[in-house]
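Working notes for the structure below.
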Amino acid sequence: MKNKRRKGESVTVHNNKVPWHIWLVGLLFLFIYGYGIYDYFMMLGLNSAYYNSNNFGEAVYEYFADYPIVPLVFWTINVFSGLIASILLLFRTRWAMWAALISAISMLCLQVLTFSFINRWNVLGPWISLFDITLLLMTFSLFYYCRRLLKRGVLQ
């Protein structure tokens, strides 16, 4: 919605056209964080069938069997705010930007803690670690994307 002033009047112009890419980005992140929540419950639930199907060894099982509370809080905030951000993006609300920022910052804190103090790289291996770093960059990109849409008036 944009406001244009003519001779002291305020005229409201509605911009109802939704860019096609908002659906692509929203659905992509809905899938990513939807699966992230599934992974969250399977890993913390210590589901042995899930661990076996993903070829996780005993070290990964033990890593999550005694997972500290602080990284757990950051992980929880990350996956749920990421899912909320993608849903809010599909509804074109300005709160999507803030949810994406919360998700990105919590994921950054999680990765700094776990790579620095809990030996994440060695336990989970380079493939999962690099995948998680890529997700961090994608989540920050989601925040910037939402911010750009907000400035353009697409998000209300």
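Using the structure shown, decide if MET43 is within 18 Å of ARG152 (Cβ to Cβ) and either modelled with pLDDT under 95 or part of a helix (DSSP H, G or I) (or both). Break it down into steps so the answer makes sense when it comes.
Numbers: within 18 Å of ARG152 (Cβ to Cβ): no; either modelled with pLDDT under 95 or part of a helix (DSSP H, G or I) (or both): yes.
When the stated conditions are applied, MET43 does not pass them.
Does region 84-92 contain at least one residue that is at pLDDT below 95 and of a type in the set (D, E, K, R)?
no
Go through region 103-156 and report how many residues are among the β-branched types (Val, Ile, Thr), in a helix (DSSP H, G or I) and within 21 Å of ILE87 (Cβ to Cβ).
Count: 2.
Go through the residues of region 107-130 one by one and say whether even a single one is closer than 18 Å to LEU30 by Cβ, crowded, with 19+ Cβ neighbours inside 10 Å and touching a helix residue (DSSP H, G or I) at 6+ places or on another chain (Cβ under 9 Å).
Residues of region 107-130 that are closer than 18 Å to LEU30 by Cβ, as a first pass: 107.
Checking which are crowded, with 19+ Cβ neighbours inside 10 Å leaves us with 107.
Then keep just the ones that are touching a helix residue (DSSP H, G or I) at 6+ places or on another chain (Cβ under 9 Å); that gives 107.
Yes, some residue in region 107-130 is closer than 18 Å to LEU30 by Cβ, crowded, with 19+ Cβ neighbours inside 10 Å and touching a helix residue (DSSP H, G or I) at 6+ places or on another chain (Cβ under 9 Å).
Taking region 93-106, which residues are touching a Leu at 6+ places or on another chain (Cβ under 9 Å) and surrounded by fewer than 19 Cβ atoms within 10 Å (Cβ to Cβ)?
THR93, ARG94, TRP95, TRP98
Answer with yes or no whether ASP66 is among the acidic types (Asp, Glu) and modelled with pLDDT under 95.
Values: among the acidic types (Asp, Glu): yes; modelled with pLDDT under 95: yes.
So ASP66 fits the description; yes.
The values are calculated or read from the model by the stated rules, or taken from the named source; none is laboratory data. Remember, predicted model here, so these are calculated numbers, not experimental data. Heads up, the Cβs are rebuilt from the backbone with ideal geometry, glycines too, and the neighbour counts pull from every protein chain shown.
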